[in-house]
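Chemist: Mind having a look at this structure? Questions to follow.
The values are calculated or read from the model by the stated rules, or taken from the named source; none is laboratory data. Being a predicted model, the structure only gives us computed values, none of them experimental. As a convention, Cβ positions derive from the backbone with ideal geometry for all residues, glycine included, and neighbour counts pool all protein chains shown.
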Amino acid sequence: MTVKISHTDAIQSFFKEAAGFANDSGSTRLKTIVLRVLQDTAKIIEDLDISENEFWKTVDYLNRLGSRSEAGLLVAGLGIEHFLDLLQDAKDQQIGLTGGTPRTIEGPLYVAGAPLSAGEARMDDGSEDGVGTVMFLEGQVFDSHGQPLPGATVDLWQANTRGTYSFFDPSQSDYNLRRRIITDAQGRYRARSIVPSGYGCDPQGPTQECLDQLGRHGQRPAHVHFFISAPGQRHLTTQINLSGEKYLWDDFAYATRDGLVGEVIFREDGARGIEGRYAEMKFDFQLQQAADSAAENRSDRPRAMQV
């Protein structure tokens, strides 16, 4: 027999007290959110008849998830970060705000303060010379009317040939494969890099543990992340997924979207002064006009910073 008590006045009053509504201090917004979390958690426990063993195993899992700093990875893997994009798309559509390069998830691996260059930059530190395939990445940034945007900031970051990112992989040099490029008078950016590798969740980590229980893999296609910003333009968070990748349309983080696949062309013609095989990828970005100054900036999401 299922017993349900969360709807009773006594329990609802108890949750309001636990959420801080019995005092005038603190944040009303946070109190409202915590109250909803308490109410919905109680309803889940009742509706799904969650056992004590299941409940405390979940608490232990959350402790392990936090200790491994994988919460940002799990919200991507469960599609919650993609849902935030879909929700913002729907809000934009409701007010008639359309066009521009699609947004997609940021992911948990950005590091602030990458070196700043004018027009072009080399992203890699040379440590994988002879191992990685040189890649030339270039394109233009346009406004909503299709006019080039000089002085835009193209902030980009990617994995190395082993699928790891500098800062989070201490074997790499500071800011390896991370750069900020200011577009030239024609709105162009150019970067010399290496072809990144796709990667997967740590098979021993709590995110993959959860995915295993869901019968899902934790693999991502090779991709390059971008923040694009310019005065008067709406900030864009996106990433370009490389064509031909096995997991291109089966990304565990749900980041691949129509309009965000970059065509990679491999050459061996020596035209760029590279002996042997190299890659080229061209990708242009179109920004939306910012409705206000706040829209020009990325979110205040906490992010890593190189010390």
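Chemist: Mind counting the residues in region 230-255 that are polar (S, T, N, Q) and surrounded by fewer than 22 Cβ atoms within 10 Å (Cβ to Cβ)?
Modeler: 2
Chemist: Follow-up. Could you tell me which of the residues Asp85, Asp60 is charged (D, E, K, R) and closer than 30 Å to Ser144 by Cα?
Modeler: Going through Asp85, Asp60 in turn, just one is charged (D, E, K, R) and closer than 30 Å to Ser144 by Cα: Asp85.
Chemist: Next question, about the same structure. If the requirement is being hydroxyl-bearing (Ser, Thr, Tyr) and farther than 20 Å from Glu81 by Cβ, which of these qualifies: Ser243, Ser299?
Modeler: Just a single option satisfies the conditions, and that option is Ser243.
Chemist: Please pick out the residue among Arg267, Arg301, Arg257 that is in contact with a strand residue (DSSP E or B) (Cβ under 8 Å, 6 or more places away or on another chain) and assigned by TED's automatic domain parsing to the domain that holds Arg234.
Modeler: Arg267
Chemist: How many residues does region 189-229 hold that are buried (at least 20 other Cβ atoms within 10 Å of the Cβ) and not hydrophobic (A, V, I, L, M, F, W, C)?
Modeler: Summing the residues that are buried (at least 20 other Cβ atoms within 10 Å of the Cβ) and not hydrophobic (A, V, I, L, M, F, W, C) in region 189-229 gives 12.
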